[in-house]
Amino acid sequence: MTLQRGSTYCEVRDISYTLDRVATDLAEEREEFGLTPEQRETLMLALERDYFDVPRGVTLGELADELGVTQQSVSERVRRGTGSVLEAVLLEANGRDTGST
């Protein structure tokens, strides 16, 4: 996500934040976070359609219909993809090797 896009996302949702740092050294290399193309596509669509909001803006079934796959496939992609992103971000933030580089 670009800085501008993140800022706009927060502004539209009335989310306040403080920018502590901007990382560019490894941004391109780490961009994928170990995601498969299908996981990335699914997570991006879920984010764009407000799946992670409360209340949700879209259901797994609606995402599945839009992607042309089963609801089970969407569920697995979201769960595994989210796990990969969290592992990459949180373990790295704690100085642990994720083994994915």
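The values are calculated or read from the model by the stated rules, or taken from the named source; none is laboratory data. All of these numbers come straight from a predicted model, not from anything done at the bench. Every residue, glycine among them, receives a Cβ derived from its backbone with ideal geometry; neighbour counts consider all protein chains shown. Only protein heavy atoms, including side chains, enter the accessible area calculation; ligands, DNA and RNA are left aside. Shrake-Rupley method; radii C 1.70, N 1.55, O 1.52, S 1.80 Å.
Among the residues of the stretch 40-59 satisfying the criterion of being over 14 Å from Val74 (Cα atoms) and open to solvent by less than 60 Å² (accessible area, probe 1.4 Å), which is farthest from the chain's Cα centre (by Cα)?
My answer is Gly57.
Which of the residues that make up the stretch 10-27 are of a type in the set (Ser, Thr, Tyr) and at pLDDT 65 or above?
If the condition is that a residue be of a type in the set (Ser, Thr, Tyr) and at pLDDT 65 or above, then Ser16, Tyr17, Thr18 are the ones that fit.
What pairs come out if I take residues in the stretch 65-77 that are free of Cβ contacts under 8 Å to residues at least 12 places away in the same chain and open to solvent by 50 Å² or more (accessible area, probe 1.4 Å) and pair them with residues that are in a helix (DSSP H, G or I) and not small (Gly, Ala, Ser) whose C-beta lies under 6 Å away, six or more apart or interchain?
Between residues of the stretch 65-77 that are free of Cβ contacts under 8 Å to residues at least 12 places away in the same chain and open to solvent by 50 Å² or more (accessible area, probe 1.4 Å) and residues that are in a helix (DSSP H, G or I) and not small (Gly, Ala, Ser), the close pairs are Gln71/Leu60.
Give the number of residues within the stretch 1-20 that are of a type in the set (Asp, Glu) and under 21 Å from Pro55 (Cα atoms).
2
Would you check which residues across the stretch 81-92 are within 17 Å of Thr36 (Cα to Cα), crowded, with 16+ Cβ neighbours inside 10 Å and not polar (S, T, N, Q) and list them?
Once the filter is applied, which keeps residues that are within 17 Å of Thr36 (Cα to Cα), crowded, with 16+ Cβ neighbours inside 10 Å and not polar (S, T, N, Q), the stretch 81-92 yields Gly81, Val85, Glu87, Ala88.
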